[in-house]
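Please read the structure below before turning to the comments.
The values are calculated or read from the model by the stated rules, or taken from the named source; none is laboratory data. On a predicted model such as this, the values are computed, not experimentally measured, just so you know. No Cβ is skipped: glycine too gets one built from the backbone with ideal geometry, and neighbour counts run over all protein chains shown. We work out accessible area using only protein heavy atoms, side chains counted, and drop any ligands, DNA or RNA first. Shrake-Rupley method; radii C 1.70, N 1.55, O 1.52, S 1.80 Å.
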Amino acid sequence: MSIDDVLLPAPEADVAVDPLAWFASPGPLELEIGCGKGRFLLHRARSRPDVRLVGIEWANKICRYAADRMARWGVDNVRILRTDASVFVQTNLPEACLTALHVYHPDPWPKKRHHKRRLFQPPFIDAAVRCTQPGGRWLIQTDHTEYFAWIRERLDAHLQLQEIEFDDPRFGPGEDWAGTNFEVIYQREGRPIHRVAYERRC
Ligand SMILES: C[S@@+](CC[C@H](N)C(=O)[O-])C[C@H]1O[C@@H](n2cnc3c(N)ncnc32)[C@H](O)[C@@H]1O
């Protein structure tokens, strides 16, 4: 396997894609936004070969690192795209295609004047709900207490989202949960790790 088998060209905005067509066979589809160096993706892909995983990462070097990592391990159920996940979810992804959405340590943009750059804005949230199958799950984790409260405020108020238990081995966390790259660093530093999960209502 080579990096080119994993790293796909990003679609232009407003061009609809069929993510399952990127894989040799169909299966449940999960999306990780801001996959970074791909620690979560790699462990998830290896423990659940039946799941198709798409990772979106904006930073070019990190994105290539993650794709190369998947190729070196020979996991064929991961595809990675270098693009803006907010645009991807709002304009490229089809409705009700995801069984799970993973967002671990999204950039917190702590300064008030930068809050508009945060991922969890209403247009993104509405689009991500549309892209999630009824019964599909969102798993979110951050070390940033104020951003965690911001996210919860918006998602708790969404009529199509219902909070559920985070620790569900079918969707990642479980005995084989290896954590994400940032989680490992922040845990070592003793920072708090906040987690929440939601299910899309019908
Ligand atoms: C703090 S890091 C966390 C990486 C990884 N999830 C982890 O927990 O180790 C946030 C990542 O999200 C990426 N990112 C931020 N905004 C993004 C966007 N709009 N689309 C795609 N990736 C984004 C950044 O480049 C960065 O790699």
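Helical content of the chain, expressed as a calculated mean residue ellipticity at 222 nm, amounts to -8500 deg cm²/dmol (DSSP H runs of 4 or more residues, -39,500 (n - 2.57) each, divided by residue number, nearest 500).
Is the C-alpha gyration tensor of the chain telling us rounded, prolate or oblate? Criteria: a/c under 1.5 is rounded; beyond that, a/b larger than b/c is prolate, otherwise oblate. Rounded.
The distance from the alpha carbon centre of segment 38-90 to that of segment 121-193 is 18 Å, rounded to a whole number. Of all lysines in the structure, the ones whose alpha carbon falls short of 19 Å from that of residue 37, not counting any fewer than 8 places away in one chain, are 61. Were the residues from residue 167 through residue 20 laid out at 0.36 nm apart, the gain over their Cα-Cα distance would be 50.3 nm.
Give the residue list of GluC sites (Glu not before Pro) in segment 122-180 that are DSSP loop and have at most 15 other beta-carbon atoms within 10 angstrom. It would help to have the intermediate numbers written out before the result.
Working: sites: 146, 153, 163, 165, 175; in loops: 165, 175.
Qualifying residues, ordered by number: 165, 175.
In order along segment 181-188, phi translates into HN-Hα couplings of 4, 5, 4, 4, 5, 5, 5, 4 Hz, rounded to whole numbers, per the Karplus curve 6.51 cos²θ - 1.76 cosθ + 1.60 with θ = phi - 60° and x for Gly and Pro.
How large is the dipole of the chain about the Cα centre if only Lys and Arg carry +1 and Asp and Glu carry -1, each at its Cβ, rounded to the nearest 20 debye?
Numbers: 28 positive and 28 negative charges, 124 e Å.
The dipole magnitude comes to about 600 debye.
Rounded to the nearest 10 square angstrom, residue 86 shows an accessible area of 30 square angstrom against a 1.4 Å probe. Under the criterion of Cα pairs below 8 Å and six or more residues apart, the relative contact order for the chain equals 22 percent. A straight Cα-to-Cα reach below 18 Å connects residue 112 with the aspartates and glutamates 143, 146, 153, residues fewer than 8 places away in its own chain not being considered. Placing a pseudo-label 7 Å from each Cα along the Cα-to-Cβ vector at residue 58 and residue 73 gives an inter-label distance of 2.5 nm. A simple rule links phi to the HN-Hα coupling: the Karplus curve 6.51 cos²θ - 1.76 cosθ + 1.60 with θ = phi - 60°, which for segment 58-72 gives 7, 6, 4, 5, 5, 4, 5, 4, 5, 5, 5, 4, 5, 5, 5 Hz, with x for Gly and Pro.
Each residue of segment 158-166 was assigned a 3J(HN,Hα) from its phi angle through the Karplus curve 6.51 cos²θ - 1.76 cosθ + 1.60 (θ = phi - 60°); the sequence is 7, 5, 9, 10, 10, 5, 9, 4, 6 Hz, with glycine and proline shown as x.
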